[in-house]
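S.K.: Quick one: the structure is below, questions incoming.
The values are calculated or read from the model by the stated rules, or taken from the named source; none is laboratory data. Treat the numbers as computed from the prediction; the structure is a model and nothing was measured. Please note: Cβ atoms are built from the backbone with ideal geometry, for glycine as well, and neighbour counts cover all protein chains shown.
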Amino acid sequence: MKSILRKIYRTIRPIPSTSVHPEFGGSGITVECFKWITDNISPGQKILEFGAGLVSTPKLSKTYDLTSVEHDYRYIGQFESAYIYAELSDEDGWYKRDALETIKHQDYSLAIIDGPPGSGNRFGILLNTDLILHVPYILVDDVDRPGERLLLQLLAKELNRCYDDFGHFAVIRDN
């Protein structure tokens, strides 16, 4: 599996996200995505986000117990979230595993896969499904891009779950 992920990572060249938008959309979550979260996850619940930002982190941290995994120091500590700094691996573009061990035994209601930035950088989650195995909802953002669409399909299959597709994002859930 690891060699297949390396090939995918090299084939779908990472496209850095350059758009910074102070409100919804742009490089951040959409209004529809935020609404899905607030409609389905009770206030105060624990949310894990891979990829902190200027949209999801400030908006979600006001209502939820948020943990943000981030590789870019510019985003660390900007908002009310428990940040985990994790460098990116040169091998697969995903967060280095050693920094993620603390989240393994947490009880999250939702995991958001919205990082690392760019298309094709998120396939490393497929080698780290134990981190999200018991999370009831897994939101994959940017599924309107081919790389993230493929990631959604592979991740749902790996976890043996179904998903609801909302266009720009999708939610993997129990069958």
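S.K.: Take segment 55-99 and flag every residue that is among the hydroxyl-bearing types (Ser, Thr, Tyr) and under 17 Å from residue 123 (Cα atoms).
M.R.: 89, 95
S.K.: Restricting to segment 89-99, what's the tally of residues that are out of contact with any helix residue (DSSP H, G or I) (no Cβ under 6 Å at 6 or more places or on another chain) and crowded, with 18+ Cβ neighbours inside 10 Å?
M.R.: Counting residues in segment 89-99 that are out of contact with any helix residue (DSSP H, G or I) (no Cβ under 6 Å at 6 or more places or on another chain) and crowded, with 18+ Cβ neighbours inside 10 Å gives 1.
S.K.: Assuming residue 102 fulfils every condition listed in (1) polar (S, T, N, Q); (2) under 26 Å from residue 44 (Cα atoms); (3) surrounded by 22 or more Cβ atoms within 10 Å (Cβ to Cβ) apart from one, which condition is it?
M.R.: Answer for residue 102: the failing condition is (3).
S.K.: Out of the strands (runs of 3 or more DSSP E) lying entirely within segment 64-174, which hold 1 or more residues that are within 11 Å of the chain's Cα centre (by Cα)?
M.R.: Per the criteria, 65-70, 110-113, 137-141, 169-173.
S.K.: Please state which one of 127, 139 is among the aliphatic types (A, V, I, L, M), modelled with pLDDT under 95 and either farther than 24 Å from residue 35 by Cα or crowded, with 16+ Cβ neighbours inside 10 Å (or both).
M.R.: 127
S.K.: So, one more: Could you give every pair whose Cβ atoms fall below 9 Å, whose first residue belongs to segment 146-175 and is in contact (Cβ under 8 Å) with a residue 12 or more places away in the chain and closer than 13 Å to residue 132 by Cα, and whose second residue is in a helix (DSSP H, G or I) and among the hydroxyl-bearing types (Ser, Thr, Tyr), counting only separations of at least 6 or pairs across chains?
M.R.: These pairs meet every condition: 155/129; 158/129; 159/129.
S.K.: Is there a residue being touching a Phe, Trp or Tyr at 6+ places or on another chain (Cβ under 8 Å), surrounded by 12 or more Cβ atoms within 10 Å (Cβ to Cβ) and at pLDDT below 95 anywhere in segment 17-26?
M.R.: yes
S.K.: Identify all residues within segment 47-58 that are modelled with pLDDT of 90 or more, of a type outside the set (Gly, Ala, Ser) and either touching a Gly at 6+ places or on another chain (Cβ under 9 Å) or assigned to a helix (DSSP H, G or I) (or both); write none if there are none.
M.R.: 49, 50 - these are the residues of segment 47-58 that are modelled with pLDDT of 90 or more, of a type outside the set (Gly, Ala, Ser) and either touching a Gly at 6+ places or on another chain (Cβ under 9 Å) or assigned to a helix (DSSP H, G or I) (or both).
S.K.: Under the condition of being hydrophobic (A, V, I, L, M, F, W, C) and surrounded by fewer than 18 Cβ atoms within 10 Å (Cβ to Cβ), which residue from segment 67-87 is farthest from residue 145 (Cα to Cα)?
M.R.: Applying the filter and picking the extreme gives 82.
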